[in-house]
Amino acid sequence: MKYAYIIDNVQESENVNTIAFSSDDDIKPGQFIMAWVPGINEIPLSFSSINKIKKITVKIYGEASEHVAHLKRGDYLYYSGPYGKPFTIVPGKKLLIGAGTGIAPLIPIIDGNTYGIISGKSKKDIIFENHFKDRLKIVTDDGSCGMKGYVTTALKTVDLDKFDMLYVCGPEIMLKSVFDYIKNINVNAQFSLERSMKCGIGLCDSCSINGYQVCTDGPVFSVDQLKNMDEFGRTKLQYSGKRVYF
Amino acid sequence: MILWILKINKSDNMNINTDIGIKLENPFMLASGILDENGYTMERILNNGASSAVTKSIGIDERKGFDPPVIYHDENYVINAIGLSNPGIGSFKDEIEIALRSGKPVIGSIFGKDAEEFSLLAKKMESYKVSAIELNLSCPHVNGYGLEVGSDPDLVSEIVSEVKSKVSIPVFSKLSPNTSDIIEEAKAADKSDALVLINTVKAMKIDIHARKPVLSNVYGGLSGRSIKPVGVRYVYEIKKELNKKIIGVGGIENIDDAIEYIMAGASAVQIGSVIYKYGINIFNKLNNDLNEFFIKNDINDIKDIIGVAIK
């Protein structure tokens with residue numbers, strides 16, 4: 001188990017914080033760690049900054065994420081990793097598509113030729129819009145920020161032919177809607193999946209999709225890989241291993 | 001050139017298939033508990049070199065298992081306390097059906113608290129068309145199951161007899177190294193068609209910076225290369241004492257490890273934890289390396305080396 005000294009904590013929105021720590025780990029965009037909160041749980045978390053100063057943006061959804069989100073300067077973050085296959089970074093024009101905090105692991109991809117779409121239920125879910133200057137479209141379910149509608153509403157306003165790669169991160173249902181929108185047009189895309197993860201090292205079968213482990217074979221899958229996965233956006237496994245429908 | 005042709009011919013006649021009560025096209029089986037909760041995963045592994053897959057241990061009811069951390073690992077070992085998470089026997093038919101599309105045998109691992117539960121589970125598994133049953137008599141980290149059942153010889157004997165009388169497919173018993181007398185345990189399971197040796201060794205990990213046990217359950221089961229010498233010894237001793245058919249498991253990472261188990265008396269071996277190092281490609285590699293080992297050492301049939309080290 002590794003540990004890191006927290007040097008900063010910034011609140012991004014009502015229930016989203018970014019913690020910062022210094023570490024020599026070589027992290028590639030899209031990789032994750034398993035963060036251990038002793039006595040509580042262990043959860044996968046990805047990076048919103050991968051320089052010498054690492055940043056992790058955490059949305060509070062349970063006890064462990066709440067603990068990590070509230071780590072203060074001087075506290076320790078215990079973790080193992082990094083794990084997982086990263087995004088393949090291509091030269092050329094890139095479009096980052098993130099739902100809510102799903103935009104966070106895409107931030108390290110940003111260079112001089114990157115555009116963005118951020119979707120959310122409402123204005124309070126939209127973070128990191130300042131990383132994109134004017135190269136950004138925002139879409140919310142209730143229209144409280146940017147366009148009113150869903151991620152596909154924003155996609156319809158973009159000329160996808162012009163992009164060399166799409167990078168997509170968010171809940172699987174959102175990923176599936178982007179996948180369905182682009183699957184029949186000739187555009188390259190990579191998707192970062194999130195499923196119930198227990199071990200992080202490809203042994204427990206909890207996060208599997210069509211025989212592939214999200215933790216080691218993913219979390220990043222290409223649009224072509226996903227075309228062969230009929231479980232994508234359809235079924236997932238619960239903690240017990242029971243298959244359920246989305 | 002002539003030598004090369006001879007070697008090719010030889011490889012044609014070589015026999016790496018084996019018999020553990022069911023016929024296997026090679027001795028490399030997927031061990032229970034690793035990547036075998038989901039039919040698609042088993043199917044993929046069976047299509048990539050494994051001769052058979054033993055399912056995750058399945059019980060009567062759905063179980064969530066323990067909260068993470070459920071696994072700790074370093075380069076030498078893995079410690080797990082998954083906590084017998086499983087979807088329950090009622091939900092497992094579909095998974096086995098998917099795995100069976102590979103055309104390879106699937107072995108249903110089951111756990112229960114008494115002979116009645118084991119029998120019920122075994123009958124269900126048989127109706128799902130598994131080729132054999134593996135009785136988990138040895139999980140070291142869940143109260144009331146596994147090891148607690150397996151360390152009572154009378155109960156083991158009753159469970160094995162009951163299950164044998166209820167199903168017509170072979171029954172294997174997976175035993176624990178965490179008992180004072182494994183020979184007695186093996187004798188109690190004597191009616192099984194084969195013994196599976198060994199389950200994990202009870203262990204724990206403390207993080208010295210957090211000053212706490214890492215696993216949420218505190219105790220877990222040790223697997224990986226650090227337990228191989230323990231496994232080899234149990235296989236050897238029980239083969240020598242009881243001459244039962246044995247499936248070896250524990251810490252196999254390469255062909256030399258597998259051969260060691262086979263020479264100690266194992267007719268087949270199970271592969272599990274090492275997948276965290278090499279992925280599922282380990283099965284194809286083991287098959288290639290076994291063929292190469294046979295050619296180099298002038299071995300024609302796996303039968304010729306099973307238990308050959310016993311003296």
Legend entry - Whole-percent pair-distance distribution, where bins are 5 Å wide, for the alpha carbons of region A:1-111: 2, 12, 23, 27, 20, 10, 4, 2, 0, 0
Legend entry - Between region B:227-259 and region A:10-41, the alpha-carbon center distance in angstrom: 42
Legend entry - Most mobile listed residue (B:284, B:199, B:86) in chain B, GNM with C-alpha springs under 10 Å: B:284
Inset, instruction - Any chance you could list the semi-axes, whole Å, largest first, of the equivalent ellipsoid that the Cα gyration tensor gives for chain A, using √(5λ)? - result: 27, 22, 17
Legend entry - chain A: relative contact order as a whole-number percent, Cα under 8 Å and 6+ apart: 16
Inset, instruction - Measure nothing fancy, just the Cα-based angle from helix B:115-127's long axis to the longest principal axis of chain B, in degrees from 0 to 90, nearest 10. - result: 50
Legend entry - Three semi-axes of the equivalent ellipsoid, the protein assembly as shown, Cα gyration tensor, whole Å, largest first: 46, 26, 22
Legend entry - Violating pairs (Cα-Cα greater than 29 angstrom) within the set B:123/B:174; B:124/B:187; A:2/A:198; A:162/A:198: A:162/A:198
Inset, instruction - Return the average number of partner chain Cβ atoms within 10 angstrom of each residue Cβ along peptide A:34-40. - result: 4
Legend entry - Kirkwood Rh in Å, taken over region B:15-302 so that all alpha-carbon pairs contribute: 18.6
Legend entry - Listed residues A:230, A:159, A:25, most fluctuating in chain A (Gaussian network, C-alpha, under 10 Å): A:159
Inset, instruction - Compute the long axis of helix B:255-264 from its Cα atoms, compare it with the longest principal axis of the Cα atoms of chain B, and write down the angle in degrees, 0 to 90, nearest 10. - result: 80
Legend entry - Neighbourhood net charge (14 Å Cβ-Cβ; Lys/Arg +1, Asp/Glu -1) for residue A:173: 0
Inset, instruction - Using the number of other C-beta atoms within 10 angstrom as an exposure proxy, rank B:73, A:131 with the fewest first. - result: A:131, B:73
Inset, instruction - Take the alpha carbon atoms of region B:77-106, find their center, do the same for region B:15-35, and report the distance between the two centers in whole angstrom. - result: 16
Inset, instruction - In whole angstrom, note down how far apart the Cα centers of region B:268-282 and region A:153-226 are. - result: 27
Legend entry - Per-residue Cβ neighbour rank within 10 angstrom, fewest leading, B:141, A:70: A:70, B:141
Inset, instruction - Between A:142, A:125, A:24, find the one with the highest GNM mean-square fluctuation for chain A; connect C-alpha pairs within less than 10 Å. - result: A:24
Inset, instruction - Any aspartates and glutamates with Cα under 14 Å of the residue B:296 Cα? List them, leaving off those in the same chain fewer than 8 positions away. - result: B:256
Legend entry - Excluding exposed DSSP-loop GluC sites (Glu not before Pro) (at most 16 other C-beta within 10 Å), longest clean stretch of chain B: B:76-311
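Between beta-carbons, use under 13 Å as the cut-off and find the net charge around residue B:120, counting Lys and Arg +1, Asp and Glu -1.
That works out to -2.
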Inset, instruction - Could you pull out every one of the lysines with an alpha carbon less than 16 Å from that of residue A:156, ignoring same-chain neighbours closer than 8 positions? - result: A:137, A:148, A:176, A:183
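Readers should treat all values here as calculations from the given coordinates under stated rules, not as data from a laboratory. Since the structure is predicted, the reported quantities are computational estimates derived from the model, not experimental observations. As a convention, Cβ positions derive from the backbone with ideal geometry for all residues, glycine included, and neighbour counts pool all protein chains shown.
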